[in-house]
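Every read-out reported here was derived from the displayed coordinates using simple, explicitly stated rules and does not represent laboratory data. Owing to the predicted nature of the structure, the values given are computational and were not obtained by experimental measurement. Because the Cβ atoms are built from the backbone with ideal geometry, glycine has one as well, and the counts that use them run over all protein chains shown.
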Amino acid sequence: MTERLLLHTCCAPCGIAVIDELRKSYDLSVLFYNPNIFPEEEYLKRKREVVRVCGEWDIPMIDADYEPDAWGEAIRGLESEPEGGRRCPVCFRSRLFRSAEIAADRGFPVFATTLTSGRNKRDDVISPIGDAAAAKVGVRFLAEDWKKGGRQEAARKMVCERGIYRQDYCGCRYSLAERGS
Ligand code: SF4
């Protein structure tokens, strides 16, 4: 029997090639849990594109609650950190620990995240957080640097072919300000 895997997906451009790869070897479901995204219209826009990608391959998607206040609490005191600084591991942690809980609650033995697809996202920072989140609830974390193995190029092509929205900032209000809007 094919193993069930829950894939935490941060956005369609980061997720599409990973979804396409994992759907071939797992009984795949996608989870959208990204309370870091600001503003809410942007959150809805990114979510809509993930729904569209899942629809193309008939992948079930779990739409978790939008909890920006809880996320704001988690990163309190780190607001002025630059992107890539001390705020980001806390952000990853808030998303991955909740994702692992949802995986355990819904009977997925393994979970993964598309976060390592991001150009500036370090696998050596993200994967240990995924491992710790999985260990806490008794599931496994599939650690992988999804930037590697030609996946970034594949994703770029797939996004382009489908006209998928690609954001130009990481997600939170601080990365939006840093981008300079
Ligand atoms: S810059 Fe990105 S990873 Fe870092 S805290 Fe903001 S949304 Fe999270």
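Ordering LEU5, LEU31 from the fewest to the most neighbouring beta carbons within 10 Å gives LEU5, LEU31.
So if each residue of separation counts as 0.36 nm, and I subtract the Cα-Cα distance between GLU21 and SER80, what length gain in nm does that give?
Working it through step by step, the gained length comes to 17.6 nm.
Is the range 27-181 best put as rounded, prolate or oblate by its Cα gyration tensor, with a ≥ b ≥ c the root eigenvalues, rounded for a/c under 1.5, and otherwise prolate when a/b is larger than b/c, oblate when not? It is rounded, given that a/c, with a ≥ b ≥ c, falls under 1.5. Taking the helices alone, the chain has a mean residue ellipticity at 222 nm of -15500 deg cm²/dmol, built from -39,500 (n - 2.57) per DSSP H run of at least 4 residues and averaged over all its residues.
Under the simplified labelling scheme, the GLU40-ALA132 pair shows an inter-label distance of 3.2 nm, with each label point 7 Å from Cα along Cα→Cβ. The charge dipole of the range 1-146, taken about its Cα centre with unit charges on the Cβ of Lys, Arg, Asp and Glu (plus for the first two, minus for the last two), comes to roughly 160 debye. Placing pseudo-labels 7 Å out from each Cα toward the beta carbon at GLU56 and GLU178 gives an inter-label distance of 2.9 nm. The residue among MET158, GLY72, VAL53 whose Cα reaches farthest toward the positive pole of the charge dipole of the chain, with charges on the beta-carbon of Lys, Arg, Asp and Glu, is MET158. In loop segments of the range 82-181 as defined by DSSP, there are no GluC sites (Glu not before Pro) with at most 13 further C-beta atoms inside 10 Å of their C-beta. Reported to the nearest whole Å, the Cα centre-to-centre distance from the range 6-41 to the range 137-168 is 9. The overall shape of the range 1-119, judged from the alpha-carbon gyration tensor, is prolate: a/c is not under 1.5, and a/b is greater than b/c. For ILE62, the residues 5 or more places off, or on other chains, whose built amide H falls under 5 Å of its own are VAL30, LEU31, PHE32. In summary, the lysines within cross-link reach of LYS148, defined as a Cα separation below 16 angstrom excluding same-chain residues under 8 places away, comprise LYS121, LYS157.
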